[in-house]
Amino acid sequence: MTLHELGLFYSNLSEMQSAGVGLVDFFQTLYNSEKNEDRKKKLRFVVENLKKGRPLASTLKQTGLLPVYDIPLIESGEKSGTLTRVCDILAKNHQMAADSLKHVINGLKKPLFTFAAALFIPPFPDLFTEKITLKQYLVQGFGTLGVVVLIFYFLYRLFMNSFFDLQAARLRHKILLFIPFVRDLAKKSVLETFCSSLAIMLEAGLPIYDALMLAGQTSAEPEISDATQRIVKLSKSGMPLPQAFQKEEVFSDEIKNSVALGTASGKIPMFLDRTAKSLKKDVDMKFDNIMKAIPVTIYWMVVLYVLWVIVGFYIVRMTTLDQIMSGGN
């Protein structure tokens, strides 16, 4: 399912639950109207398991029908009887993610177009001086463009699969950490996801230790998973939760303060939700700045390269002319 489809799925599930429609009937309806054979097979599996009385979360986890991050939230909603509330939150989150993805794609159009155009400019002087033929010029340009398109397609598929597969999510995160100008953005993004998931699970009534473990286990950053395990261990041994968080460098001061204030006021979900929104706002702003900078950077790189080629071309010609004139004298 796309992010937009996921938003609709959770909205429909929430509305059907509010109307008193059972889970079996809901998924049976989806099965009857589904045209995709692979998805239809997964829905049939869900229906059969629900009829046997098996939990929804564990059943959905086996199908891979929904994002890996959603399963702990659905499980917490089942256990606490707040599934409708959880579905409302997930519907809103996925619709926001769909809008963000659309924003990302729109933001990439101009950089990609600029880059595609730039691929054909550097070899143009060689075509002009007849060092390469028109055929070679076109093959070189479109060949490079094809490789770039394939790389972007791979990254896009990895990005989409990262919602459903934890290993893909961690691979995507590792790749982003290797890129200097998006490293900080990637770190804040996983912290935002952790805070948001933890806030939803606590709001749904899941015990703090269970929520921490689940939020950590589904994080794209393995260090967060290890950190939550240590926090739970220290807290169970008697250390206050805020102090346990203070020992972990992977969490920002903003998150640590949210836990401290939330613990003191008894409103941890509220403070974590505020922190998640603050992190998301920061991530979106930095991403917008990167998208604005890329076309300008490509443009000036191309301009400087063309100027360099033109200057080099005339220097060679002037040197040749000087040699001819000197020889003539």
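What follows draws every value from the coordinates through simple rules; no lab data is involved. Nothing here was measured: the structure is a model prediction, and the numbers come from that model. So basically every Cβ, Gly included, is an ideal-geometry build from the backbone, and we count neighbours across all protein chains shown.
Structure above, values below:
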{"item": "Fewest-first ranking of Ser219, Ser235, Ser252, using other Cβ atoms within 10 Å as the exposure measure", "result": "Ser252, Ser235, Ser219"}
{"item": "Rounded to whole Hz, the Karplus (6.51, -1.76, 1.60) HN-Hα couplings of segment 15-25, x for glycine and proline", "result": "5, 5, 5, 5, 7, x, 7, x, 5, 4, 5"}
{"item": "GNM top mover of Glu254, Glu37, Glu192 - the chain, alpha-carbon springs below 10 Å", "result": "Glu37"}
{"item": "Test item: Cα-centred dipole of segment 174-318, Lys/Arg +1 and Asp/Glu -1 on Cβ, debye", "result": "240"}
{"item": "Modelled FRET efficiency - R0 25 Å, Val21 with Met270, Cβ distances, 0.05 increments", "result": "0.20"}
{"item": "Hull-based mean projected area of the chain, where the convex hull spans the alpha carbons, in square nanometres", "result": "23.1"}
{"item": "Tilt relative to the chain, helix 253-265 - C-alpha long axis, 0 to 90 degrees, to 10", "result": "20"}
{"item": "Pairwise label distance in nanometres, Asp288 with Lys247, each label 7 Å out on the Cα-Cβ vector", "result": "4.1"}
{"item": "0 to 90° range, to nearest 10: angle between helix 134-161 axis and the chain longest Cα axis", "result": "10"}
{"item": "Charge dipole (debye, nearest 20) of the chain; +1 at Cβ of Lys and Arg, -1 at Cβ of Asp and Glu", "result": "320"}
{"item": "Gain on full stretching of the segment that runs from Thr319 to Leu134 - 0.36 nm per residue minus C-alpha separation", "result": "63.8 nm"}
{"item": "Inverse of mean 1/r across different Cα pairs in segment 134-276, Kirkwood, Å", "result": "16.9"}
